[in-house]
Amino acid sequence: MTSQQVARLREVDVQALDAARLEPLVGTERMAEFERVVEAAQTSLAGRSVLNVNSTAAGGGVAEMLQTLLAYARGAGVDARWIVIEGDPAFFAITKRIHNGLYGAPGDGGELGEPERRHYEQVLRRNADELLALVRPGDVVLIHDPQPAGLAAALKRAGARVVWRCHVGVDEPNEWSERAWEFLRPYLADVDAMVVSRASFAPSWADPSRVHVIPPSIDPFSAKNEPMSGRNVRLTLSYVGLLDGAAPQPAIPFNRRDGSPGRINRRVDVLQTGPPAPPGTPLVVQVSRWDRMKDMAGVMEGFAHHVDPSLGAHLLLCGPAVTGVADDPEAAEVLDECMGIWRRLPHATRSRIHLACTPMADPDEAASIVNAIQRHAAVVVQKSLAEGFGLTVAEAMWKERPIVASAVGGIVDQIDDGVHGLLVGDPADLRGFGSAVEALLADPAEATRVARNARERAVTEFLGDRHLRQYGRLFEELAKADGG
């Protein structure tokens with residue numbers, strides 16, 4: 001995008017869904033409380049809109065959550081809308097640097113000085129010109145993550161109530177996180193509220209009275225989480241190329257976000273030596289974006305060198321096709337690095353490790369493929385170096401899968417070690433990671449026990465009604481602060 005070009009915002013279509021379908025899972029009392037909060041939020045909003053602004057409509061946990069939460073909000077009578085901003089490669093390189101910094105990492109090591117600030121502001125000014133035409137005084141605007149943070153001041157001047165939602169963070173600040181926060185601080189000084197997944201993720205300079213802790217949630221009825229039989233799981237994975245055995249295109253429907261039926265038509269791109277894993281092979285799975293903070297390379301090294309081959313397990317590392325995530329310029333680099341590590345492994349080891357990219361032309365189709373992958377897994381892992389929350393952990397908990405994960409960020413709010421899964425205290429401890437994976441592979445009874453506990457906790461804490469109740473209460477607080 002040149003300086004003469006105009007940003008083109010995209011509004012994402014969101015279909016209304018009735019949250020009452022959660023009632024069989026959460027019970028009548030909890031659903032009644034949800035409805036009470038929704039009614040109060042409707043009163044406080046008084047017909048105003050809730051606009052969510054982020055930088056991508058597909059390819060990450062934020063986009064997945066927005067699709068579901070806004071559908072339930074619309075089903076509850078709230079005018080909830082979703083706007084995606086436009087940026088150029090330089091803009092997304094800068095915001096990825098900020099993103100990595102908030103995780104306590106240097107990222108590409110590039111600068112966050114005045115030239116970067118000028119370009120960041122220039123891109124967002126063009127987006128603001130269009131966005132302000134959609135915003136009325138009194139509307140609530142939720143700005144998600146660093147990319148659109150610089151829009152806050154313009155939205156405040158337009159009379160909106162502005163909430164910044166940060167989905168990332170690090171438990172202990174360091175020089176990189178402080179640098180990222182200092183870049184963002186001028187844009188966030190006057191927001192009405194800041195929402196984080198953990199209290200420790202808020203910057204030290206944030207007004208505590210404006211900081212709200214709201215953990216994310218999953219949708220149990222989405223294409224990624226809906227029920228799928230073991231037979232259909234195997235047919236799906238054989239067809240897309242992740243399990244051995246030729247399979248015709250399966251007539252297995254999935255439910256799209258608009259309620260219409262879908263069907264898997266595309267295959268995944270797989271890097272492997274020889275055939276895919278046999279259907280009966282224990283599969284250790286990490287599904288993540290190709291992001292250095294997810295440490296796909298470390299998962300591969302830990303599995304290759306510290307999981308006993310005699311257990312017969314294979315490893316599947318699966319992420320979205322790198323062309324399908326518009327706001328992540330590092331994805332292709334990370335995938336290339338993983339492929340380089342894979343090629344340097346001994347042939348016998350490579351034959352047990354598979355790298356896959358799901359097609360992103362149809363996000364619901366990609367989600368259904370991930371659903372099959374997670375449900376087939378003998379062990380789901382999430383060996384992140386830092387993690388805002390870890391939706392893949394909550395997804396595996398919902399699917400009653402045994403989990404090994406790093407004890408970082410929001411993961412420790414989901415899993416009590418030894419109760420709902422196994423935690424690795426140091427994400428860099430590859431031997432400890434391998435031992436935890438071995439423990440679950442070698443003890444099916446223990447794996448079943450922690451998986452059942454995980455499922456119970458997912459129902460209690462990580463479904464959308466809890467998530468929306470918290471946002472409803474936040475909207476009430478904002479209205480009271482305005483004298484509404």
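The values are calculated or read from the model by the stated rules, or taken from the named source; none is laboratory data. Nothing here was measured: the structure is a model prediction, and the numbers come from that model. FYI the Cβ positions are ideal-geometry reconstructions off the backbone, even for glycines, and counts take in every protein chain you see.
Go through the stretch 24-63 and report how many residues are among the small types (Gly, Ala, Ser) and assigned to a helix (DSSP H, G or I). Write out each step before concluding.
At the first step, the residues of the stretch 24-63 found to be among the small types (Gly, Ala, Ser) are 27, 32, 40-41, 44, 46-47, 49, 55, 57-61, 63.
From what's left, assigned to a helix (DSSP H, G or I): 32, 40-41, 44, 61, 63.
Looking only at that region, the number is 6.
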Matching residues in the stretch 44-68 (more than 13 Å from the chain's Cα centre (by Cα), surrounded by fewer than 22 Cβ atoms within 10 Å (Cβ to Cβ) and touching a residue at least 60 places away in the same chain (Cβ under 8 Å)) number 4
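Being in a helix (DSSP H, G or I), under 30 Å from PHE254 (Cα atoms) and assigned by TED's automatic domain parsing to the domain that holds LEU242 narrows it down to one of GLU387, GLU395, so name that one. It would help to see each step written out before you state the result.
Values: GLU387 fails: in a helix (DSSP H, G or I).
Going through GLU387, GLU395 in turn, just one is in a helix (DSSP H, G or I), under 30 Å from PHE254 (Cα atoms) and assigned by TED's automatic domain parsing to the domain that holds LEU242: GLU395.
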Review point. Would the stretch 300-320 turn up any residue that is within 21 Å of PRO89 (Cα to Cα) and part of a helix (DSSP H, G or I)?
Key: no
When every residue in the stretch 274-299 that is part of a helix (DSSP H, G or I) and out of contact with any Cys (no Cβ under 7 Å at 6 or more places or on another chain) is compared, the one nearest to VAL370 (Cα to Cα) is LYS294
- Task: Would you confirm whether any residue within the stretch 86-97 is more than 29 Å from ALA481 (Cα to Cα), hydroxyl-bearing (Ser, Thr, Tyr) and surrounded by 24 or more Cβ atoms within 10 Å (Cβ to Cβ)?
- Result: yes
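Scan the stretch 413-471 for residues that are among the aromatic types (Phe, Trp, Tyr) and either in contact with a strand residue (DSSP E or B) (Cβ under 7 Å, 6 or more places away or on another chain) or within 16 Å of ALA378 (Cα to Cα) (or both) and report the count.
Looking only at that region, the number is 2.
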Considering only the stretch 192-202, I want to know if a residue exists there that is among the hydroxyl-bearing types (Ser, Thr, Tyr) and surrounded by fewer than 21 Cβ atoms within 10 Å (Cβ to Cβ). yes
When every residue in the stretch 433-471 that is more than 30 Å from VAL37 (Cβ to Cβ) and β-branched (Val, Ile, Thr) is compared, the one surrounded by the fewest Cβ atoms within 10 Å (Cβ to Cβ) is THR448
In the stretch 403-439, residues that are touching a residue at least 24 places away in the same chain (Cβ under 8 Å) and either touching an Asp or Glu at 6+ places or on another chain (Cβ under 7 Å) or among the small types (Gly, Ala, Ser) (or both) total 15
Taking the stretch 398-447 and keeping residues of a type in the set (Val, Ile, Thr) and part of a loop (DSSP other than H, G, I, E, B) leaves VAL408, ILE415, VAL419
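If you take the residues in the stretch 250-273 that are within 21 Å of the chain's Cα centre (by Cα) and in a strand (DSSP E or B), which one is nearest to HIS347 (Cα to Cα)?
Ranking the candidates gives PHE254 first.
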Check: Taking the stated definitions as given, is ARG352 surrounded by 15 or more Cβ atoms within 10 Å (Cβ to Cβ), touching a residue at least 40 places away in the same chain (Cβ under 8 Å) and touching an Asp or Glu at 6+ places or on another chain (Cβ under 7 Å)?
Finding: no
Taking the stretch 450-477 and keeping residues more than 21 Å from the chain's Cα centre (by Cα), assigned by TED's automatic domain parsing to the domain that holds GLY61 and either of a type outside the set (Asp, Glu) or not in a helix (DSSP H, G or I) (or both) leaves GLY472, ARG473, LEU474, PHE475
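Would you pick out the residues in the stretch 106-126 that are farther than 23 Å from LEU9 by Cβ and surrounded by fewer than 19 Cβ atoms within 10 Å (Cβ to Cβ)?
Going residue by residue through the stretch 106-126, those that are farther than 23 Å from LEU9 by Cβ are 106-115.
Answer for the stretch 106-126, where residues must be farther than 23 Å from LEU9 by Cβ and surrounded by fewer than 19 Cβ atoms within 10 Å (Cβ to Cβ): PRO106, ASP108, GLY109, GLY110, GLU111, GLY113, GLU114, PRO115.
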Residue hits (the stretch 19-33; farther than 24 Å from PRO227 by Cα and in contact (Cβ under 8 Å) with a residue 60 or more places away in the chain) are GLU33
Residues in the stretch 358-370 that are surrounded by fewer than 24 Cβ atoms within 10 Å (Cβ to Cβ), of a type outside the set (A, V, I, L, M) and part of a helix (DSSP H, G or I) total 3
Do the conditions hold for ALA7, that is, is it among the aliphatic types (A, V, I, L, M), within 22 Å of ARG81 (Cβ to Cβ), in a loop (DSSP other than H, G, I, E, B) and at pLDDT 90 or above? no
